[in-house]
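To start, the structure itself, in structure tokens.
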Number of protein chains: 2
Amino acid sequence: MKTPAQHAQLALLLEVAGTPKPGNVDRRRDLEDLWFEHFLAGAVAAMEGLELAERGAPIGDAFERAVEGMAEQGGGNTQFGSLLLLVPLVSAARPDLTPTAVERVVTETTVDDAAGFYRAFDHVDVFVDDPPDDMEALDVRRGSDAVPDLEERGLSLLDVLERSAPGDDVAREWTTGFERSFTAADRLAAASGPIVDRTAAVFLSLLAERPDTLVANRRGEDVAREVTERARDLHAREANETEPDAVEAFADDLVARGINPGTTADLVAAGLFVALESGGIEV
Amino acid sequence: MKTPAQHAQLALLLEVAGTPKPGNVDRRRDLEDLWFEHFLAGAVAAMEGLELAERGAPIGDAFERAVEGMAEQGGGNTQFGSLLLLVPLVSAARPDLTPTAVERVVTETTVDDAAGFYRAFDHVDVFVDDPPDDMEALDVRRGSDAVPDLEERGLSLLDVLERSAPGDDVAREWTTGFERSFTAADRLAAASGPIVDRTAAVFLSLLAERPDTLVANRRGEDVAREVTERARDLHAREANETEPDAVEAFADDLVARGINPGTTADLVAAGLFVALESGGIEV
């Protein structure tokens with residue numbers, strides 16, 4: 001029987017192995033400077049932070065430690081968003097992982113947890129959009145420099161992520177009881193075959209439902225919508241099973257254009273964890 | 001800076017990701033009942049045993065724990081041989097991993113370590129050949145049932161593996177100062193490019209040098225020799241770089257025929273660990 005932290009590490013590994021996961025590093029594809037092996041190393045070294053979460057350490061400390069470890073590889077940001085979902089999920093895993101349990105964990109986050117979240121940005125470059133005007137002092141890209149401003153305003157980590165949720169679907173999970181993470185888990189459990197194939201199918205289903213917010217922030221909402229429309233069309237045709245070449249071509253096209261639906265991949269990692277932890281899937 | 005146990009876990013992951021690794025599960029290939037995801041789960045759950053080795057626990061206990069964890073997945077034996085190399089290497093890693101240091105570790109193994117090795121066979125089915133006539137009572141397939149006979153004869157784990165070394169190139173490493181593991185590490189360090197590509201090249205170079213003993217035991221020496229001759233020819237032509245399709249075709253052919261040079265893959269995993277630990281490669 002694996003521990004929650006082990007399930008989270010395995011979720012990170014299964015996520016990157018799932019193929020085709022259009023636009024993302026997967027078992028068959030590397031991006032230009034971001035390779036499969038960087039994700040493997042990220043998963044190995046994120047473990048200390050995940051174990052902190054399992055032992056009930058403050059969410060901010062566990063997240064910062066996980067990111068610090070994850071960043072010890074040459075590819076840059078591999079799993080920041082995934083860890084922002086996995087750390088509260090791991091913390092909520094005992095005795096029973098439910099939306100209510102993880103909502104309680106995020107509701108109980110503090111200003112210190114928010115400070116840990118900001119410090120995590122010191123360890124790795126993460127792509128984020130410009131903050132709203134009234135949040136400039138709290139721009140996450142300031143990293144630990146923003147902590148005094150954060151403390152002055154007295155914002156918890158949930159407060160910070162609520163302000164990021166419009167336009168960031170990882171943050172949005174924190175405000176919705178991890179709705180799409182649990183949905184992804186249900187779909188993984190309902191599918192059949194090797195987990196890496198199920199992962200690819202569930203990735204496509206999520207991408208078909210909502211434009212990826214990382215794509216929207218990096219490349220604009222039109223590109224994000226285009227990607228989701230293509231995903232919706234392929235998903236409606238059950239192309240992963242009926243026309244695998246069409247999905248592979250979609251994947252190759254997104255990689256060639258540098259379009260990376262990384263937020264959707266983060267949600268898949270969270271879904272894998274929930275499904276492993278609940279016994280919905282097993283390897 | 002990763003710990004020796006983390007480097008060993010990463011070595012297991014990089015080994016299975018290396019492609020093409022003819023006849024083995026790799027980033028592009030699954031075998032019929034043994035899939036990529038089984039190796040990912042094996043690497044996650046072997047970690048407790050690797051951490052025991054890092055902390056200086058007896059080799060037999062650490063190995064048994066690593067195998068017990070590794071076996072908690074549906075594919076059966078994924079990394080038994082790799083762990084039999086990694087556990088003493090991890091134990092020898094501090095302060096400096098050298099052939100002398102790991103020779104000392106294996107020389108100091110005891111009858112209790114041998115008992116741990118036998119108990120490990122209770123956790124997973126491992127393919128092994130029939131023992132010599134005078135070793136029937138010590139057939140490893142008896143698992144823990146053989147421990148009283150083992151204790152009566154007073155054999156250390158090194159004694160047991162010395163008796164297995166003719167015909168088992170994992171056991172042979174124990175008797176040669178892990179010669180081919182260190183050779184593999186040197187080659188990995190001397191190569192260039194992503195580690196998963198170097199892994200494939202070094203796998204081919206090792207397979208070109210000596211017939212794989214798992215293939216010899218399962219399929220006969222003629223088949224093992226044929227595989228090595230084909231590997232030698234491809235390696236001499238530097239086919240991984242100049243004729244990648246020829247190596248892919250070789251890989252597909254071995255998978256189709258169910259020929260699995262797993263011992264060579266174990267040596268690559270050990271080489272990856274030595275190279276990571278010495279700084280010869282980094283991810």
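General remarks:
- Summed over qualifying helices (DSSP H, 4 residues or more, each -39500 (n - 2.57)) and divided by its residue number, chain A shows a 222 nm mean residue ellipticity of -19500 deg cm²/dmol.
- Listed by chain and number, the aspartates and glutamates placed with their C-alpha closer than 13 angstrom to that of residue B:2 are A:48, A:68, A:72, B:51, B:54, B:277, B:282; residues fewer than eight positions away on the same chain are left out.
- The long axis of helix B:221-236 is offset from the longest Cα principal axis of chain B by roughly 50 degrees.
- Divide the volume of the convex hull around the Cα atoms of region B:1-124 by the residue count and you get 103 Å³ per residue.
- For residues of A:194-201, the mean tally of beta carbons on other chains within 10 Å: 2
- Shortest first, residue B:175 label-point distances to identical copies amount to 6.8 nm, with the label point at 7 Å from Cα along Cα→Cβ.
- Innermost chain B residue relative to the axis carrying B onto A, by Cβ distance in angstrom: B:27, 3
- The protection proxy used here, the mean number of other Cβ atoms lying within 10 Å of each residue, ranks peptides A:269-278, A:72-81 as follows, highest first: A:269-278, A:72-81.
- Between 0 and 90°, nearest 10: helix A:244-257 axis offset from chain A longest Cα axis: 50
- Short-range pairs are left out: with C-alpha atoms under 8 Å and at least six residues apart, the relative contact order of chain A is 25 percent.
- For residue A:192, the point set 7 Å out from Cα toward Cβ sits 5.0 nm from its twins in the other copies, listed from shortest up.
- Cα-only Debye scattering, chain A: base-10 log of I(q)/I(0) at q = 0.11 Å⁻¹: -0.57
- Charge dipole of region B:4-277 (Cα centre as origin; +1 on each Lys and Arg Cβ, -1 on each Asp and Glu Cβ, all else neutral): 720 debye, rounded to the nearest 20.
- Part-to-part distance (alpha-carbon centres) for region B:138-166 and region B:110-130, which is given in Å: 8
- Taking Cα atoms only, the orientation of helix A:80-91 departs from the longest principal axis of chain A by about 70 degrees.
- Per-residue packing, averaged as other Cβ atoms within 10 Å, sorts the ranges A:141-147, A:247-253 into the order A:247-253, A:141-147, beginning with the highest.
- Shielding by other protein chains, A:3-9, mean Cβ within 10 Å: 3
- With the largest listed first and rounded to whole Å, the semi-axes of the equivalent ellipsoid of region B:156-283 from the Cα gyration tensor are 23, 21, 10.
- Three semi-axes of the equivalent ellipsoid, the protein assembly as shown, Cα gyration tensor, whole Å, largest first: 42, 27, 21
- Counts of other chain beta carbons within 10 angstrom of each beta carbon in peptide B:40-53 average 4.
FYI, it's all coordinate maths here, none of it is from the lab. This structure is a prediction, so every number in the text was calculated from the model and none was measured. All Cβ positions, glycine included, derive from the backbone under ideal geometry; neighbour counts span all protein chains shown.
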